[in-house]
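Everything on this sheet refers to the single structure shown next.
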Amino acid sequence: MSPARRDTPPAHGTGSAAGTGSAAGTGRVRGLAAAASAAGAGRPPSGGRMAAIFNLTAGGGAYQREVPAMLGILRGFGWQVTELPTEGAGHATELARHAVEDGYERICVLGGDGTVNEAINGMAGSGVPLAIVPLGTVNVLALELGIPLDPPAACQLAAEGTPTEIDLGKAGERYFSLMAGVGLDALVVAHVNPALKKTLKEAAFVLEGISAALTAHQPLVRIQCDEVCSEGYFIVLGNARNYGGTFGITPLADMRDGLLDVCVLKDRSFLGMAHYWLAALLSAHLQHPKVEYFRTARAYLSVVEDDGHADVLVQTDGELAGKLPLECRVVPRALSVVAP
């Protein structure tokens, strides 16, 4: 059975999409509403059906009041928009899967990288175009694809843009658009304090990363593929250049080359980790003496040191995806996405 949906937009600033907001937020709502009205002037309905999946908690809930106006902009460009609000973790995957089954011509996600990743896992390989209105804390995929971070501009692109195909990665059974991280960063994702994340945003991950680097056990991990067999303590398999914000762990990656870029750190000391991350911020980590970088289409990852400590975790696009051992591979041209 398909999930509950709304085909009639709530009034601007009221209803389920409304939040308390500030005066500045109210001003943004009015600006978006004006943009919606201007967008719709003289435009006949196109007849196209769009499923709009939105997460009202994205970006700490900063855009709750603006979501109805954003949906109005999409409607202003002639789309018949069905509203599909998420209700918890994993729900966007279900919503996207049902939207594909129900024959929608386009799926638009209004949210952050986590919601986008969930939706991708419900629509990968379907051929239905994904449009993104980035409302999260960092919006790495939007930055990678050149999607505007300004909501009205992103809505216009979502409505009028042309789809293109990109590769996806797959870690076990979970798809990712950006990267899979094995070791330290997955540990940080698992243990970062949600309240601290909401308050400090990216800084919360930095603090948790420092704590994990100082105190957590980091087993040796082996990555095996046709090209090479390597071992290290922190491994990123990147489908995209950007990792967090505008800095990248796999800066040479290409989302259309049919390969994953792999970066292996062979040092688990705190000083070695600190050197690595500081170098990454300066795009100089590939010259780190204990870094190995290569490309592959498929790799198998396993733990070398099995001494009874906790599992080695894997994150994809900033969400926990499983633990070792697992296979990671590229799926060429698996996602149709609306981008400039």
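Since every read-out is calculated from the coordinates, none of them should be taken as a lab result. Computed from a predicted model, the values in this text were never measured in an experiment. All Cβ positions, even for glycine, are placed from backbone atoms using ideal geometry, and neighbour counts span all protein chains on display.
Sorted fewest first by neighbouring Cβ atoms within 10 angstrom, His285, His275 come out as His275, His285. Extension gain, Leu252 to Glu305: 0.36 nm times the residue separation minus the Cα-Cα distance gives 16.1 nm. Extension gain for the segment Leu320 to Glu173, taken as residue separation times 0.36 nm less the Cα-Cα distance, is 51.7 nm to one decimal. Close amide H partners of Arg65, meaning residues 5 or more places away or on another chain with modelled amide H under 5 Å apart, are Gly19.
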